[in-house]
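> Sharing a structure with you now.
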Amino acid sequence: QVQLVESGGGLVQAGGSLRLSCAASGSIASRINTMGWSGMGWYRQAPGKQRELVGTITRGGSINYADSVKGRFTISTDNAKNTVYLQMNAMQPEDTAVYYCNSETAWGTYWGRGTQVTVSS
């Protein structure tokens with residue numbers, strides 16, 4: 001079992017920044033870059049829309065971003081804290097959504113409960 005807890009959401013003005021955190025705990029599969037861990041991702045879901053990919057980090061450190069956030073959002077990890085971060089800069093109202101992190105492991109995919117991000121114009 002893997003537990004994921006997102007934090008750092010809130011209200012920000014357009015052009016501002018936020019940093020989201022996703023802390024993983026539980027079985028060995030929750031530990032970044034250890035046996036069973038394949039990668040983690042950030043997703044978001046705006047009201048009335050489907051959940052969409054924001055970015056992922058895979059085993060070995062490969063990071064990919066959705067075109068809509070390239071150059072503005074950055075994914076990083078702190079392996080000692082078993083935490084993945086999403087630094088969001090130059091935020092726009094269209095970034096408003098609930099942000100979720102997930103963890104891909106050899107034993108399944110796990111999701112956090114999400115954190116609300118609201119960008120005011």
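The values are calculated or read from the model by the stated rules, or taken from the named source; none is laboratory data. From a predicted model like this one, the values you see are computed outputs, not experimental measurements. Because the Cβ atoms are built from the backbone with ideal geometry, glycine has one as well, and the counts that use them run over all protein chains shown. Calculation scope for accessible area: heavy atoms of the full protein, side chains included, ligands and nucleic acids excluded. Shrake-Rupley method; radii C 1.70, N 1.55, O 1.52, S 1.80 Å.
> Going by the structure shown, is residue 66 surrounded by fewer than 21 Cβ atoms within 10 Å (Cβ to Cβ), among the aliphatic types (A, V, I, L, M) and over 27 Å from residue 13 (Cβ atoms)?
It is false that residue 66 is surrounded by fewer than 21 Cβ atoms within 10 Å (Cβ to Cβ), among the aliphatic types (A, V, I, L, M) and over 27 Å from residue 13 (Cβ atoms).
> Something else: Could you grab me the full set of residues in segment 44-58 that are surrounded by 19 or more Cβ atoms within 10 Å (Cβ to Cβ) and either under 13 Å from residue 109 (Cα atoms) or of a type in the set (Lys, Arg) (or both)?
If the condition is that a residue be surrounded by 19 or more Cβ atoms within 10 Å (Cβ to Cβ) and either under 13 Å from residue 109 (Cα atoms) or of a type in the set (Lys, Arg) (or both), then 44 is the only one that fits.
Let's see how each residue does on (1) within 18 Å of residue 1 (Cα to Cα); (2) without any contact (Cβ under 8 Å) to a residue 24 or more places away in the chain; (3) aromatic (Phe, Trp, Tyr); (4) touching a Pro at 6+ places or on another chain (Cβ under 9 Å):
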site: 46; (1), (2), (3), (4): no, no, no, no
site: 76; (1), (2), (3), (4): no, yes, no, no
site: 85; (1), (2), (3), (4): no, no, yes, no
site: 104; (1), (2), (3), (4): yes, no, no, no
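> So, one more: Which one of these does residue 97 not meet: (1) within 26 Å of residue 33 (Cβ to Cβ); (2) out of contact with any Ser or Thr (no Cβ under 8 Å at 6 or more places or on another chain); (3) among the small types (Gly, Ala, Ser)?
So the condition that residue 97 fails would be (1).
> Also, I was wondering about something else. Got a number for residues in segment 6-37 being in a strand (DSSP E or B) and open to solvent by less than 60 Å² (accessible area, probe 1.4 Å)?
The total comes to 13.
> I would also like to ask the following. Just give me the residues in segment 39-60 being over 15 Å from the mean Cα position of the chain (by Cα) and farther than 22 Å from residue 119 by Cα, in sequence order.
59, 60 - these are the residues of segment 39-60 that are over 15 Å from the mean Cα position of the chain (by Cα) and farther than 22 Å from residue 119 by Cα.
> Could you please find all residues in segment 112-121 being under 22 Å from residue 67 (Cα atoms), within 14 Å of the chain's Cα centre (by Cα) and surrounded by 15 or more Cβ atoms within 10 Å (Cβ to Cβ)?
If the condition is that a residue be under 22 Å from residue 67 (Cα atoms), within 14 Å of the chain's Cα centre (by Cα) and surrounded by 15 or more Cβ atoms within 10 Å (Cβ to Cβ), then 114, 115, 117 are the ones that fit.
> Okay, moving on. Listed residues 27, 17, 21; which is more than 27 Å from residue 95 (Cα to Cα) and touching a residue at least 60 places away in the same chain (Cβ under 8 Å)?
27
> Considering only residues that are in contact with a Ser or Thr (Cβ under 6 Å, 6 or more places away or on another chain) and within 15 Å of residue 81 (Cβ to Cβ), which ones fall in segment 38-59?
Within segment 38-59, just 40 meets the criteria.
> Please find, among 83, 96, 109, the residue that is of a type in the set (Val, Ile, Thr) and open to solvent by 60 Å² or more (accessible area, probe 1.4 Å).
109
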